[in-house]
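Student: Encoded as structure tokens, here's the structure I'll be asking about.
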Amino acid sequence: MLDEVVVLSRLDKSMGRASAVECDFVRAVIAKPRRFLSIHLAQAGLPVFALGGKFAGFTTVRFSSSGDAEGIAASPVVLPASDVRKAIAAALARPAPAPKK
């Protein structure tokens, strides 16, 4: 925990969608129901890297039914690189759908 990570993103339209780099810290490692790294940055779909440049995963939002008054909690997390690689391998192994007529 407390490993520093680098997150790549883009600024909004008013800033010309310029590339941006943000630093964050892993504040917890969640083991169940699956492994996630907890960080503060909440925007989903951003690549995350360790300080040495190694790909660490992608940001996403983990939803839970045991949350606030509305009954839903959302926490920003990093889906680890190992899970991303498994998902890519599974997608590549799946046959392409037949073309629609």
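The values are calculated or read from the model by the stated rules, or taken from the named source; none is laboratory data. Remember, it's a predicted structure, so these values are computed and weren't measured experimentally. Cβ coordinates were reconstructed from backbone atoms using ideal geometry, including for glycine residues, and neighbour counts include every protein chain displayed.
Student: Suppose we keep only residues that are among the basic types (Lys, Arg) and surrounded by 10 or more Cβ atoms within 10 Å (Cβ to Cβ) within the range 82-99. Which one would you say is farthest from LYS54 (Cα to Cα)?
Tutor: So the residue we want is LYS86.
Student: In the range 11-70, how many are assigned to a strand (DSSP E or B), at pLDDT below 90, of a type outside the set (A, V, I, L, M, F, W, C) and under 13 Å from the mean Cα position of the chain (by Cα)?
Tutor: 1
Student: Something else: For ALA74, are the conditions met, namely being touching a strand residue (DSSP E or B) at 6+ places or on another chain (Cβ under 9 Å), assigned to a loop (DSSP other than H, G, I, E, B) and aliphatic (A, V, I, L, M)?
Tutor: No, not satisfied.
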